[in-house]
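Asks: Could you have a look at this structure, given as structure tokens, before my questions?
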Amino acid sequence: MEISKIQLDNYKKEYEEIKKELPIVTKRKQDARAEGDLSENAEYDIARTEHEQLTQRLNQLENIIANAV
């Protein structure tokens with residue numbers, strides 16, 4: 001994949017930001033899970049969804065960075 005140096009730098013910056021944010025979201029997810037009944041726990045659902053989205057984007061960015069020409 002051919003991308004500009006500026007775009008690659010932006011991807012790397014986004015990657016680092018997500019790596020910093022992911023542990024915070026993981027902690028929120030764990031705290032919400034500890035509150036009990038997950039079927040009625042909106043905080044857990046939100047944290048779980050956010051965690052999944054961040055993980056997916058992190059994987060995408062890893063792939064883009066690894067395959068950059």
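The values are calculated or read from the model by the stated rules, or taken from the named source; none is laboratory data. Here the structure is a predicted model, which means the values were calculated and not measured. All Cβ positions, glycine included, derive from the backbone under ideal geometry; neighbour counts span all protein chains shown. Remember, those area values only see protein heavy atoms, side chains included, never the ligands or the DNA or RNA. Shrake-Rupley method; radii C 1.70, N 1.55, O 1.52, S 1.80 Å.
Asks: Within the range 46-55, count every residue that is open to solvent by less than 90 Å² (accessible area, probe 1.4 Å) and under 26 Å from A68 (Cα atoms).
Replies: In the first step, residues of the range 46-55 are kept if they are open to solvent by less than 90 Å² (accessible area, probe 1.4 Å); the result is 47-51, 54-55.
Keeping just the survivors that are under 26 Å from A68 (Cα atoms) gives 51, 54-55.
So the count comes out to 3.
Asks: If you check every pair at least six apart or on different chains, which have Cβ atoms under 9 Å apart with a residue in the range 18-44 that is touching a residue at least 12 places away in the same chain (Cβ under 8 Å) first and a residue that is assigned to a helix (DSSP H, G or I) and surrounded by fewer than 11 Cβ atoms within 10 Å (Cβ to Cβ) second?
Replies: Listed pairs, sorted by first residue: A32/A42.
Asks: Can you name the residue in the range 1-45 that is among the charged types (D, E, K, R) and open to solvent by less than 80 Å² (accessible area, probe 1.4 Å) and is also nearest to V69 (Cα to Cα) among such residues?
Replies: D9
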